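**Q** Below is a structure I'd like to ask you about.
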Amino acid sequence: MKTVNHWIGGTTVEGASGNYGPVTDPATGEVTTQVALASAAEVDAAVRVAKEAFQTWGQSSLAARTKVLFAYRALLDAHRDEIAELITAEHGKVHSDALGEVARGLEIVELACGITTQLKGELSTSVSHRVDVAAIRQPLGVVAGITPFNFPAMVPMWMFPLAVACGNTFVLKPSEKDPSAANKLAELAKEAGLPDGVLNVVHGDKVAVDALLEHPDVAAVSFVGSTPIARYIHTTASTHGKRVQALGGAKNHMLVLPDADLDAAADAAVSAAYGSAGERCMAISAVVAVGSIGDALVEKIRERAEKIKIGPGNDPTSEMGPLITAAHRDKVASYVKGAADQGAEVVLDGTGYTVDGHENGHWIGLSLLDHVRTDSDAYRDEIFGPVLCVLRTETYEEGVALINASPFGNGTAIFTRDGGAARRFQLEIQAGMVGVNVPIPVPVGYHSFGGWKDSLFGDHHIYGNDGIHFYTRGKVVTTRWPDPSEAPAGVDLGFPRNH
């Protein structure tokens, strides 16, 4: 059986703890790989290597860093199909989704390639007599990233390219459910010329996570995952004096007004709710239909959802793949099975779905729940699967109030032809990312990604300007130099003494 080991100091390091976790092909249910689970001592070894590498990398020139990053970008582009295949094999998402994930990660690598302009400081001359003040930004040292299973390549690329571009060294702890993509990213970074020890990958479970959160030589921690874990990461790392950005869960709403193009709204709802099997924090999981359009909108969504082809991710005809594990599949199914008892109308029930020839895969079909109540489990919880809830309100104001009452504030969208309504929505809604006739408003790389309320713990969003500020700290230097004409007697600098 294939074993995924750690990547420390620019080379593969076999696991020493004796503990391994299973990695499953979600399309077959077969365990295809085992991944080494690090002990606290192994995490410490990776941090020590990163700390040593920082002594050189942190002092390296911007030109040296960007040279590596440009080469890295070219290698990622050349190997994008290979990376996507690793994602599909362990996560289960269809190949086109996996390729899209790599492309979005590349956006941040491209941002890192332009780090020279992002790290320019500020200078004020003559703030007083012969006094200048400069503001500069410097790297933190060793920083860590803890990333989720749903985007095993993209989310790491949201973190470490910017971190190393800013002069830090990095220890990545990816999800143990689909670890191979992270190792491939690290191997390509070495091939691009990144010095050994600048990027390290340590696989593991809670033992490894806690070791990073508590390690005295880790200056900052980036995290993406569920809200309960994000809260734990933020509390624990902050207690140990670290800078933290912890992105949590979501319950993203799409408000559909009576004037909206219902065909466009239905298309958007289907792609945003069921794409990547709903396993993404920016999935639309709740549609709020305003006024009399609810029945027509639900019917259009149902018609489209029934046509989605579900199958293995490596089948080019598949539009949606399986869920990551059987346990997660069963948990998602439980929300659908209990929906009717909590007042919902089950328009589509995707539980019990199987694929011929792959009966042991982690399959679930698309589910559509209508007339969902806000006190039901299907609405309150982040399901993280292909389940779309539809809620009804009579007015725009009621819809906004419903959305703002949610404890989550990651992303939201409005579908309307009315510019005035859209303007009100983007100002009144309590969420970090807003789409206007755009169902999944994930910002491009040079803007920052992050939510509000229980969707973010910490002050900084990820990537963009926030990401650069997170991975650096400011320093202000105040300088006074005497005029050369005031040099001590006997020292001739060639300046006139009568200046």
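**Q** Name the strands (runs of 3 or more DSSP E) wholly inside region 114-162 in which the number of residues that are open to solvent by less than 10 Å² (accessible area, probe 1.4 Å) and modelled with pLDDT of 95 or more is 2 or more. Talk me through it step by step, then tell me what you get.
**A** Working: elements: 122-128, 131-139, 142-146.
So the answer is 142-146.
**Q** Against the condition assigned to a loop (DSSP other than H, G, I, E, B) and either among the β-branched types (Val, Ile, Thr) or open to solvent by less than 50 Å² (accessible area, probe 1.4 Å) (or both), how does residue 357 come out, does it pass? So that I can check it myself, show each step before the final result.
**A** Details: assigned to a loop (DSSP other than H, G, I, E, B): yes; either among the β-branched types (Val, Ile, Thr) or open to solvent by less than 50 Å² (accessible area, probe 1.4 Å) (or both): no.
No: the conditions fail for residue 357.
**Q** Also, quick follow-up: If you take the residues of region 239-276 that are under 23 Å from residue 473 (Cα atoms) and without any contact (Cβ under 8 Å) to a residue 40 or more places away in the chain, which of them is most open to solvent (accessible area, probe 1.4 Å)?
**A** From region 239-276, those under 23 Å from residue 473 (Cα atoms) are 239-247; that's our starting set.
Going one step further and asking which of them are without any contact (Cβ under 8 Å) to a residue 40 or more places away in the chain, we end up with 239-242.
Numbers: 239: 106, 240: 89, 241: 67, 242: 16 Å².
That would be 239.
**Q** Another one. Confirm whether residue 197 is touching a residue at least 40 places away in the same chain (Cβ under 8 Å), in a loop (DSSP other than H, G, I, E, B) and within 20 Å of the chain's Cα centre (by Cα). Show your work before the answer.
**A** Numbers: touching a residue at least 40 places away in the same chain (Cβ under 8 Å): yes; in a loop (DSSP other than H, G, I, E, B): yes; within 20 Å of the chain's Cα centre (by Cα): no.
Against the criterion (touching a residue at least 40 places away in the same chain (Cβ under 8 Å), in a loop (DSSP other than H, G, I, E, B) and within 20 Å of the chain's Cα centre (by Cα)), residue 197 does not qualify.
**Q** Taking region 317-339, which residues are open to solvent by 40 Å² or more (accessible area, probe 1.4 Å) and either part of a helix (DSSP H, G or I) or modelled with pLDDT under 95 (or both)?
**A** Across region 317-339, the qualifying residues are 327, 329, 330, 331, 334, 337.
**Q** Starting from region 80-107, keep only residues that are closer than 21 Å to residue 311 by Cβ and hydroxyl-bearing (Ser, Thr, Tyr), then list their pairs with residues that are at pLDDT 95 or above and surrounded by 24 or more Cβ atoms within 10 Å (Cβ to Cβ) whose Cβ atoms are within a distance under 6 Å, requiring at least 6 positions of separation or different chains.
**A** Going by the 6 Å Cβ cut-off, the qualifying pairs are 88/98; 88/313.
**Q** While we're looking at this one, here's another question. Take the residues of region 298-316 that are in a helix (DSSP H, G or I) and touching a residue at least 60 places away in the same chain (Cβ under 8 Å): which is surrounded by the fewest Cβ atoms within 10 Å (Cβ to Cβ)?
**A** 302
**Q** Criterion first (under 17 Å from the mean Cα position of the chain (by Cα), within 23 Å of residue 144 (Cα to Cα), part of a helix (DSSP H, G or I) and free of Cβ contacts under 8 Å to residues at least 24 places away in the same chain) does residue 233 satisfy it?
**A** Numbers: under 17 Å from the mean Cα position of the chain (by Cα): yes; within 23 Å of residue 144 (Cα to Cα): yes; part of a helix (DSSP H, G or I): yes; free of Cβ contacts under 8 Å to residues at least 24 places away in the same chain: no.
So residue 233 does not fit the description; no.
**Q** Right, another one. Report yes if some residue within region 281-288 is open to solvent by 10 Å² or more (accessible area, probe 1.4 Å) and out of contact with any strand residue (DSSP E or B) (no Cβ under 9 Å at 6 or more places or on another chain); otherwise report no.
**A** Looking for residues that are open to solvent by 10 Å² or more (accessible area, probe 1.4 Å) and out of contact with any strand residue (DSSP E or B) (no Cβ under 9 Å at 6 or more places or on another chain), one finds none in region 281-288, hence no.
The values are calculated or read from the model by the stated rules, or taken from the named source; none is laboratory data. Only a predicted model underlies this, so the values are computations on that prediction, with no experimental measurement involved. Here the Cβ is made from the backbone with ideal geometry for all residues, glycine too, and neighbour counts use every protein chain on show. Calculation scope for accessible area: heavy atoms of the full protein, side chains included, ligands and nucleic acids excluded. Shrake-Rupley method; radii C 1.70, N 1.55, O 1.52, S 1.80 Å.
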